[in-house]
Amino acid sequence: MPQLAEKTIIQTQKLSQVIQIHDQRLHVLKSIDLKIVEKEQVAITGRSGSGKSTLLGLLAALDQPFDGEVHLCGHAIHSMTEEQRAKVRLENIGFVFQSFQLLPHLSALDNVLLPMRLQSAYRYTEAKEKAQNMLERVGLVRQMSQTPKVLSGGEQQRVAIARALVTEPKVVFADEPTGNLDQDTAKEIEQLLFQMNHELGTTLVLVTHDQKLAAQCQRQLQLEDGNLLESTHRNAVSDLKMDV
Ligand SMILES: Nc1ncnc2c1ncn2[C@@H]1O[C@H](COP(=O)(O)OP(=O)(O)O)[C@@H](O)[C@H]1O
Ligand SMILES: [Mg+2]
């Protein structure tokens with residue numbers, strides 16, 4: 001069967017990150033070349049301290065590299081200012097963190113509204129409808145007006161997923177999204193992430209040290225000593241996705 005042309009959405013060239021700690025230089029990432037295509041699901045694994053979060057931060061335009069290039073959705077983000085990168089993030093990506101990172105004084109609805117309020121074409125009525133719709137899709141109809149402190153960890157992560165997806169981003173980055181959750185809740189959140197990714201056709205880049213979760217992605221990459229190794233095993237989720 002002929003393959004459809006795959007469009008590259010993230011590309012790095014000789015990407016390096018160096019962290020200066022007092023008089024020591026720590027080479028966290030060493031000359032990484034990586035290409036991710038649209039709608040791909042990619043897991044990045046590696047032991048604690050291997051640079052997973054550092055790499056994700058660079059791919060998601062949160063940080064600036066020491067050396068090399070990062071191209072995200074057609075933008076050369078390695079040569080941009082923080083202000084320019086913020087705009088690229090707002091228009092192209094969603095981010096889900098291990099610690100949820102919700103604003104504690106805002107309701108679930110207002111947390112999900114937040115990224116849309118930062119967009120230039122913000123209109124309250126439309127945005128509210130989108131936010132409510134997304135909260136419904138992640139199973140939080142009853143909890144919309146509640147603040148994070150009365151929500152369970154799983155519910156907070158659902159809010160965070162709704163916030164990451166409400167702007168219809170091209171890429172969703174998730175850094176150990178189930179790391180703070182109990183086993184059963186973690187399973188639910190994993191399912192939700194994959195289901196939403198599947199339904200919305202986004203690219204998913206997921207950092208995890210959970211091998212089972214990584215195995216559900218189409219592609220698995222491993223960080224070791226600052227180098228990125230490909231260790232892909234094809235699996236059920238990717239087959240499901242390719243059938244669509
Ligand atoms: N801001 C920082 N200051 C000092 N060291 C840091 C900083 N950020 C990361 N590091 C170090 O860089 C390495 C990689 O960190 P990180 O990317 O968080 O790893 P991982 O997410 O795989 O656990 C670790 O040794 C960590 O201690
Ligand atoms: Mg980390």
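Every number in this text was worked out from the coordinates using simple rules, so none of it is lab data. Keep in mind the model is a prediction, meaning the values are calculated, not measured. FYI the Cβ positions are ideal-geometry reconstructions off the backbone, even for glycines, and counts take in every protein chain you see.
Go through (1) farther than 30 Å from His209 by Cα; (2) surrounded by 13 or more Cβ atoms within 10 Å (Cβ to Cβ); (3) in contact with a Ser or Thr (Cβ under 9 Å, 6 or more places away or on another chain) for Ser145 and report which single condition fails.
(2)
Among the residues of the range 163-185, which ones are touching an Asp or Glu at 6+ places or on another chain (Cβ under 9 Å) and within 15 Å of Val112 (Cα to Cα)?
Thr167, Pro169
Answer yes or no: is there a residue in the range 182-191 that is in a loop (DSSP other than H, G, I, E, B), more than 16 Å from ligand 2 (Cβ to nearest atom) and over 24 Å from Val88 (Cα atoms).
Yes, the conditions are met somewhere in the range 182-191.
Run down Gln119, Gln64 and say which single residue is touching a residue at least 40 places away in the same chain (Cβ under 8 Å), assigned to a loop (DSSP other than H, G, I, E, B) and either surrounded by fewer than 18 Cβ atoms within 10 Å (Cβ to Cβ) or among the β-branched types (Val, Ile, Thr) (or both).
Gln119
As an exercise: evaluate Leu26 against (1) within 15 Å of ligand 1 (Cβ to nearest atom); (2) hydrophobic (A, V, I, L, M, F, W, C); (3) touching a residue at least 24 places away in the same chain (Cβ under 8 Å) and give the number of the one condition it does not meet.
Unmet for Leu26, out of (1) within 15 Å of ligand 1 (Cβ to nearest atom); (2) hydrophobic (A, V, I, L, M, F, W, C); (3) touching a residue at least 24 places away in the same chain (Cβ under 8 Å): (3).
Let me confirm something: among Lys130, Lys87, which residue is outside any strand (DSSP E or B), within 17 Å of the chain's Cα centre (by Cα) and more than 16 Å from Ile189 (Cα to Cα)?
Lys87
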